[in-house]
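K.L.:
Pasting in a structure now, in structure tokens, and then I'll have a few things to ask.
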Amino acid sequence: MDEEIKLSGLFDTHAHPTNERFNADREALLARMREGNMLCMCVGADMESSAASVALANAHEGIYAAVGVHPHDAKTFTEDDVPVLTRWLTQEPKVCALGEIGLDYYYDLSPRDVQKDVFARQLELAYALGKPVILHIRDAHGDVIDILRAHRDALPACVVHCCSASWESAKIYLSLGCMISFAGPVTFKRSLNLQEVAANVPLDRLMIETDSPYLAPEPVRGRRNDPCNVAHICRFIAALRGMDAQTLCDITRENGKRFYGIA
């Protein structure tokens, strides 16, 4: 078995294995994941990729799906998408969450007022359906926190995906009941603020992910990322916290299963 999946039972709680960068070797990758007893949450970013995530999850053991409209694509969101999202979330057993949704002020590919409206609309849908939410936040922590606080009395379970928050902001997300998930950037040498967050998040709120094919962790930084690389993130955070890596693997697997409602 490849070194990167010697940890048994890893859960990559956020990845994009339907991405075209996996077209040449997707089946081989999925076989390696099965060999390592891995679970993987395949996350949609628009209606097309959400449909692909549902199809992949339905075709493969250990793969689950999240569906939603990313802030980059908020300008494409219409009310006609709501019944489709609702059907997936209520009638497809392997669709576990609404996401990824949120705000992205780094690229601003959709107008900010549209991003806010679509984010709030999907938050409300998730709460109405009793489903958790995957939060995408880039250069927008202040506005995301304001929107979450405004929905405090009707807030679905949320995970801060690919955390980029300071410890001060992370404590606010924790106070709102959020999970915190770490991807490749936590392993980067200059990510000292993010490492402070990873060292201090309560263990029962901590999740790990790759966000592959993006953001490959050390020591494979610069290559195409894949879900098996979540092992590097697990080992890094375990060392940061002075823990056994398999123990952290087991804890984060159970945290992910609990958050996503996987039996």
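The values are calculated or read from the model by the stated rules, or taken from the named source; none is laboratory data. Every value quoted in this text rests on a predicted model; they were computed, and no experiment measured them. We place every Cβ from the backbone using ideal geometry, glycine too, and count neighbours over all the protein chains shown. When the accessible area is computed, the model is the full protein with side chains, heavy atoms only, and any ligands, DNA or RNA have been set aside. Shrake-Rupley method; radii C 1.70, N 1.55, O 1.52, S 1.80 Å.
K.L.:
Using modelled amide H (1.01 Å from N, peptide plane; none on Pro or chain starts), what sits under 5 Å from the amide H of Met179, excluding residues fewer than 5 places away?
P.N.:
For Met179, whose amide H was placed from the backbone, the distant partners under 5 Å are Cys158, Val159, Val160.
K.L.:
Please give the solvent-accessible surface of Val114 in Å², to the nearest 10, using a probe radius of 1.4 Å with every protein chain present.
P.N.:
40
K.L.:
Next question. How high is the relative contact order of the range 131-263, in percent, counting Cα pairs under 8 Å that sit 6 or more residues apart?
P.N.:
19
K.L.:
Just to verify a number: what accessible area does Arg223 come out at with the full protein assembly present, 1.4 Å probe, Å² rounded to tens?
P.N.:
Here the residue's solvent-accessible area equals roughly 150 Å².
K.L.:
Percent relative contact order of the chain, based on C-alpha pairs within less than 8 angstrom and at least six residues apart?
P.N.:
19
K.L.:
Only one of the values (1) 14.6; (2) 16.7; (3) 12.6 was calculated from this structure for mean projected area of the Cα convex hull in nm²; name its label.
P.N.:
Matching the structure shown: (3).
K.L.:
Exactly which trypsin sites (Lys or Arg not before Pro) in the range 157-197 are in a DSSP loop and have at most 16 other Cβ atoms within 10 Å?
P.N.:
Lys189, Arg190
K.L.:
Where does each of Thr247, Thr252 land when they are ordered by accessible area, with a 1.4 Å probe and the largest first?
P.N.:
Thr247, Thr252
K.L.:
Mind putting a number on the dipole of the range 77-132 about its Cα centre? Charges go on the C-beta only, +1 for Lys and Arg and -1 for Asp and Glu, and I need it in Debye to the nearest 20.
P.N.:
On the way: 6 positive and 10 negative charges, 52 e Å.
Dipole about the Cα centre, nearest 20: 260 debye.
K.L.:
Calculate for the chain the 222 nm mean residue ellipticity that helices alone would give, adding -39,500 (n - 2.57) per DSSP H run of length 4 or more and normalising by residue count, nearest 500 deg cm²/dmol.
P.N.:
Numbers: 9 runs with 108 residues, N = 263.
Here the helix-only value at 222 nm equals -12500 deg cm²/dmol.
K.L.:
When you take every Cα atom in the range 123-245, what is the radius of gyration, and what is Dmax, the widest Cα pair distance, in Å?
P.N.:
14.7, 43
K.L.:
Go through the range 103-111 residue by residue and turn each phi into a ³J(HN,Hα) via Karplus (6.51, -1.76, 1.60, θ = phi - 60°); whole Hz please, and just put x for glycine and proline.
P.N.:
The phi angles translate into 9, 9, 9, 7, 8, 6, 6, 10, x Hz.
K.L.:
In whole Hz, what ³J(HN,Hα) sequence does the range 182-189 give by Karplus (6.51, -1.76, 1.60; θ = phi - 60°), x for Gly and Pro?
P.N.:
Once rounded to whole Hz, the list reads 10, 10, x, x, 5, 8, 6, 4.
K.L.:
Under 8 Å for C-alpha pairs, at least 6 residues apart: give me the relative contact order for the range 1-58, rounded to a whole percent.
P.N.:
Over the range 1-58, the number comes to 42 percent.
K.L.:
Across the chain, where is the longest run that never hits GluC sites (Glu not before Pro) in a DSSP loop with at most 11 other C-beta atoms within 10 Å? Before the final figure, lay out each step's value.
P.N.:
Details: sites that count: Glu61, Glu79.
Answer from the scan: 80-263.
K.L.:
Take the Cα atoms of the range 44-188, build their convex hull, and give its volume per residue in Å³.
P.N.:
It is 111 Å³ per residue.
K.L.:
About the Cα centre of the range 23-92, how large is the charge dipole given +1 on each Lys and Arg Cβ and -1 on each Asp and Glu Cβ? Please answer in debye to the nearest 20.
P.N.:
200
K.L.:
Under the Karplus relation 6.51 cos²θ - 1.76 cosθ + 1.60, θ = phi - 60°, what is the ordered set of whole-Hz ³J(HN,Hα) values for the range 152-165, x standing for Gly and Pro?
P.N.:
3, 7, 9, 9, x, 4, 10, 10, 7, 6, 6, 3, 10, 7
K.L.:
Then there's this: In a Debye calculation with equal point scatterers on the alpha-carbon sites of the range 127-166 and no solvent, what is log10 I(q)/I(0) at q = 0.17, 0.26, 0.28 Å⁻¹?
P.N.:
-0.46, -0.96, -1.06
K.L.:
Here is a further query. Anything over 22 Å Cα to Cα? Flag those among Lys116/Lys189; Lys94/Lys257; Lys94/Lys131; Lys75/Lys116; Lys131/Lys257, in the order listed.
P.N.:
Values: Lys116/Lys189 33 Å; Lys94/Lys257 12 Å; Lys94/Lys131 12 Å; Lys75/Lys116 11 Å; Lys131/Lys257 13 Å.
In this structure, Lys116/Lys189 lie more than 22 Å apart at Cα.
K.L.:
Under 1.5 on a/c is rounded, so check that first for the range 11-73, then, if it is not, pick prolate when a/b is larger than b/c and oblate when it is not; a ≥ b ≥ c are the square roots of the alpha carbon gyration tensor eigenvalues.
P.N.:
Values: a/c = 2.07, a/b = 1.65, b/c = 1.26.
Note, shape of the range 11-73 comes out prolate.
K.L.:
Is the range 199-263 best put as rounded, prolate or oblate by its Cα gyration tensor, with a ≥ b ≥ c the root eigenvalues, rounded for a/c under 1.5, and otherwise prolate when a/b is larger than b/c, oblate when not?
P.N.:
The shape class here is oblate.
K.L.:
Let me ask something additional. Dipole size in debye (nearest 20) for the chain around its Cα centre, Lys and Arg Cβ +1, Asp and Glu Cβ -1?
P.N.:
Computed about the Cα centre, the dipole is about 560 debye.
K.L.:
Rank these by accessible area, largest first, 1.4 Å probe: Arg241, Arg149.
P.N.:
Correct descending sequence by accessible area is Arg149, Arg241.
K.L.:
Also, quick follow-up: Want the number for Ala154 to Arg112: 0.36 nm per residue separation, take away the alpha-carbon distance, what's left?
P.N.:
Gain in length upon complete extension: 12.8 nm.
K.L.:
Something else: Compute, for Ser181, the solvent-accessible surface of its heavy atoms (probe 1.4 Å) with the complete set of protein chains present, and express it in square angstrom to the nearest 10.
P.N.:
Only protein atoms counted, so the area is about 0 Å².
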